[in-house]
Amino acid sequence: MHFSLIRAAKLNGLASYKYYVGVFEQIPHCQSVEDFEALLPWNIQLERVGMAAAA
């Protein structure tokens, strides 16, 4: 599962480590399926997890 998250982040142009850390910081705040879906690499709002796209 962890490798899948990192690989999907890279494929979506995200900084993989920042994405990984940001997602795991946000998971405790998720209360619905939609909250979890919003954290997927293709749905993520970068400002939500405080990360920038990979250069």
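The values are calculated or read from the model by the stated rules, or taken from the named source; none is laboratory data. In this text, all values refer to a predicted model and were calculated from it rather than measured experimentally. Ideal geometry is used to build each Cβ from the backbone, glycine not excepted, and the neighbour counts take in all protein chains shown.
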Within region 16-48, the residues that are modelled with pLDDT under 90 and among the aliphatic types (A, V, I, L, M) are 44, 46
Within region 11-49, of all residues that are of a type in the set (Phe, Trp, Tyr) and surrounded by 13 or more Cβ atoms within 10 Å (Cβ to Cβ), the one nearest to the chain's Cα centre (by Cα) is 19
In region 1-10, anything loosely packed, with under 15 Cβ neighbours inside 10 Å and in contact (Cβ under 8 Å) with a residue 12 or more places away in the chain is listed as 2, 10
